[in-house]
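FYI, it's all coordinate maths here, none of it is from the lab. These numbers were taken from a predicted model, which means no experiment stands behind them. Because the Cβ atoms are built from the backbone with ideal geometry, glycine has one as well, and the counts that use them run over all protein chains shown.
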Amino acid sequence: MPTDLATTLSDWLPVIYLVISVALVYAAYYAAKVSLRKLRLRGIISRKFEETAKLLVLVVAAVIVVPAAISVLLPHPLVPIVSLSVLVIVVAVALFSVVGYISNSLSYLIVALTSIVRDGEYVRIIVDGREYEGRAMLIEGNYLILKTEPGVSVLVPYSQLLKSVVVKLSQLPLTLRIRVLKPGSSLEEIVEKVSGAIKKSRLVNKAGVSVRPIGVSEDEVVLMIETEVANPKSIDECFEDLAKILLKEIPYKISIEVVSSRGIQLA
């Protein structure tokens, strides 16, 4: 009877090893699936990243477990060596192919979790001695998008971002040039009216409003306005708000021009 049992176990041993191998692969896949789903529900990663990561975990687990199972089922002296060699080659090629992607993806998770840079923030990033300043777009992938000016973006790898100096700008300077045509009033009165209109906007720092004339003639008065946007995310809204207030409050024909906006995007 013991002999029959041993024979039966011997016959079923390959199946048992196969079942164990599949169970180990599935366990690794299931653990990764649960962890990645929690990250996706928290909004840290997207579904695309979740599916890619799950596939990667499945492949790596299979590459590790299957050669080990083969070496047990076929106890030839060369099988462990061949299996180990195949494993090393596959893992090396896979890591070499995705090392940059993995590094940037992990760096993105760190940036998102620690709020080193928040989406929509206006920041200055110093990378390898060079400064880039603009509004950050924190998107999943390999790069942080920094919109430095209308139509121009700088792509900063997330792995490089963690090595860089990040300066957060709590307020954003905005400079406008206003031409007042045929004002018919004194210069002091015009400056006072424009300054008062600017300060009516809820989106600017009222203490930082500066209005100074840079050109005065019989036909027009040119004013340079410097102010600070309280919230860098609302720079476009702030410009529109200022334009509406000025056109409504100033009893003269005026034209408004953006001189320096550091990130404003006009349609």
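Observations on the model:
- Couplings for segment 201-217, taken from phi via the Karplus curve 6.51 cos²θ - 1.76 cosθ + 1.60 with θ = phi - 60°, read 6, 7, 9, 10, 7, 4, 6, x, 7, 10, 10, 9, x, 10, x, 9, 8 Hz in order; Gly and Pro are left as x.
- Taking every C-alpha pair closer than 8 Å and separated by at least 6 residues, the mean separation divided by the residue count of segment 172-260 gives a relative contact order of 47 percent.
- Ranked 248, 33, 206, criterion: other C-beta atoms within 10 Å, fewest first: 248, 206, 33
- Whole-number D in µm²/s for segment 172-260 (Stokes-Einstein; Kirkwood sum over Cα pairs; 4 °C, 1.567 mPa s): 100
- Residue 240 versus residue 20: modelled label distance in nm, points set 7 Å from Cα along the beta carbon direction: 6.6
- Computed from the Cβ-Cβ distance with R0 of 30 Å, the FRET efficiency linking residue 175 to residue 109 stands at 0.20.
- Rounded, prolate or oblate (a/c below 1.5 giving rounded, otherwise prolate when a/b exceeds b/c) for segment 122-168 by Cα gyration tensor: oblate
- Stokes-Einstein D for segment 117-211, Kirkwood Rh over Cα pairs, 10 °C, 1.306 mPa s (µm²/s): 99
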